[in-house]
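The values are calculated or read from the model by the stated rules, or taken from the named source; none is laboratory data. The structure presented is a predicted model; accordingly, all values stated were derived computationally and were not measured. FYI the Cβ positions are ideal-geometry reconstructions off the backbone, even for glycines, and counts take in every protein chain you see. In case anyone asks, the SASA skips ligands and DNA or RNA and just uses the protein heavy atoms, side chains included. Shrake-Rupley method; radii C 1.70, N 1.55, O 1.52, S 1.80 Å.
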Amino acid sequence: MTEFEEHCAAAYRRERVTCRRLARSTGLSEAAALKQVLEKAAGTGPLGALIAARKLVKMELAARLALRRRQKAQLLARKKAEKLPDACAWLAWFDGSAHPNPGHIGIGGLLRSPDGRTLEISSAAGQGDSNQAEYLALIAVLEAAIQIQPQQLVVYGDSQVVINAVNTSGSTGTHGLQHHCQRARLLVSQLTAVRLEWIPRQKNAAADALSQQAISLRLARSDQS
């Protein structure tokens, strides 16, 4: 590293700005101007001591930054690990659809055991809107789980409205659907260990397909009658 590069690394931003202004006004080279600026900052002390002290400060800042990054990465890893289901947990997915909205309701659900066995739910559920459809799908999955009584159950859905309402203590749910929220909570209370998690729609394709299938079969039967 040249002397100028060493001075540039040690200089603060405002000192580099002052250096450029000094170089323009005096005709000095940037290297000479920067050396003058740093010597002024050093005062009565040697320039080398100022540069060494600033190097030490930068090294300490870099070390603290690296430590914070490691701590953040470790925290994120722990949070991710906490969200991963145990190997002995049952997994479930739910989704509800309404065509049009409001209109015919189809509910879909899928439960999978730790050894890979699956139970599918796909049925028409009358008339209503998409929020009602989501609640009914969740309720159907929880009712099926009660028959199985898994030691642990993680339920995934793409409706933040429904999952937040059921998970949030004191929440009464969407206006007009409070009884569905209360029903879902009652079912949750009858299971040993349940966790409801939101997932993006694209990760809930299987449950969505089952809900759409239920509506298609309902409409097909209507056309035949």
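Output the Kirkwood hydrodynamic radius of segment 92-170, Cα pairs only, in Å rounded to one decimal.
Details: mean 1/r = 0.0776 Å⁻¹.
After inverting the pairwise mean of 1/r, the radius is 12.9 Å.
Too long at a 26 Å Cα-Cα cut-off: which of Lys35/Lys58; Lys55/Lys79; Lys35/Lys55; Lys55/Lys80? Mind dumping the intermediate values first?
On the way: Lys35/Lys58 19 Å; Lys55/Lys79 36 Å; Lys35/Lys55 16 Å; Lys55/Lys80 37 Å.
Listed pairs above 26 Å: Lys55/Lys79; Lys55/Lys80.
Length gain on complete extension for the stretch Gln160 to Arg14, per 0.36 nm per residue less the alpha carbon to alpha carbon distance?
Working: separation 146, 0.36 × 146 = 52.56 nm, distance 4.85 nm.
Result: 47.7 nm gained on full extension.
Can you list the HN-Hα couplings for segment 193-202, worked out from phi with the Karplus curve (6.51, -1.76, 1.60; θ = phi - 60°), rounded to whole Hz and with x for Gly and Pro?
Result, ordered by residue: 8, 10, 10, 9, 10, 7, 9, x, 4, 5 Hz.
By how many nm would the segment from Glu60 to Asn167 lengthen if fully extended, with 0.36 nm per residue of separation less the alpha-carbon distance? Present the calculation step by step, with values, prior to reporting the outcome.
Details: separation 107, 0.36 × 107 = 38.52 nm, distance 4.38 nm.
Between Glu60 and Asn167, full extension yields 34.1 nm more.
Among all the aspartates and glutamates, which ones have a C-alpha under 20 Å from Lys40's C-alpha, if same-chain residues fewer than 8 places away are not counted?
Straight-distance partners of Lys40: Glu3, Glu5, Glu6, Glu15, Glu30.
So for the chain: antiparallel DSSP bridges make up what percent, rounded to the nearest 5? Don't skip to the answer; put the middle values down first.
Working: 18 of 28 bridges.
Of all bridge pairs located within the chain, approximately 65 percent are antiparallel.
Please compute, for the alpha-carbon atoms of the chain, the extent along each of the three principal axes and give them in descending order in Å.
The Cα atoms of the chain stretch 96, 39, 34 Å along their principal axes.
With N residues in segment 10-56, what two-decimal value do you get for its Cα radius of gyration over 2.2 N^0.38 Å?
Numbers: Rg = 10.6 Å, N = 47, 2.2 N^0.38 = 9.5 Å.
Segment 10-56 yields a ratio of 1.12.
What Kirkwood Rh does segment 132-225 have if only Cα atoms enter the pairwise 1/r average? Answer in Å. Walk me through the numbers on the way to the answer.
Numbers: mean 1/r = 0.0698 Å⁻¹.
Kirkwood radius, segment 132-225: 14.3 Å.
Label Glu30 and Lys72 with points 7 Å out from Cα along Cα→Cβ: what is the distance between them in nm?
3.0
Determine the shape class of segment 68-120: with a ≥ b ≥ c the square roots of the Cα gyration tensor eigenvalues, call it rounded for a/c under 1.5, and otherwise prolate if a/b is greater than b/c, oblate otherwise.
Details: a/c = 7.59, a/b = 1.75, b/c = 4.33.
Taking the square roots of the gyration eigenvalues as a ≥ b ≥ c, segment 68-120 is oblate.
So, with a 1.4 angstrom probe, what is the percent of accessible area on the chain that is carbon and sulfur?
Carbon and sulfur atoms account for 54 percent of the accessible area of the chain.
How big is the C-alpha Rg of segment 18-144 next to the rule-of-thumb value 2.2 N^0.38 Å, as a ratio? Numbers along the way, then the final one.
Values: Rg = 33.1 Å, N = 127, 2.2 N^0.38 = 13.9 Å.
The reported ratio for this selection is 2.39.
On a 0 to 90° scale, report how tilted helix 205-224 is relative to the longest principal axis of the chain, with both axes built from alpha carbons and the result rounded to the nearest 10.
With both axes taken from Cα atoms, the answer is about 30 degrees.
In Å², and per residue, what accessible area does the chain have when probed at 1.4 Å with the other protein chains present? Numbers along the way, then the final one.
Details: 13500 Å² over 225 residues.
Accessible area per residue: 60 Å².
Using a Förster distance of 35 Å, how high is the FRET efficiency between Glu6 and Lys79, based on the Cβ-Cβ distance and rounded to 0.05? Mind showing how you got there, number by number?
Details: r = 42 Å, r/R0 = 1.21.
After rounding, the FRET efficiency stands at 0.25.
Hey, could you get me the Stokes-Einstein D for segment 40-85, Kirkwood radius over alpha-carbon pairs, 37 °C and 0.692 mPa s, rounded to whole µm² s⁻¹? Let's see the in-between values first.
Numbers: Rh = 13.4 Å.
In µm²/s, the coefficient rounds to 246.
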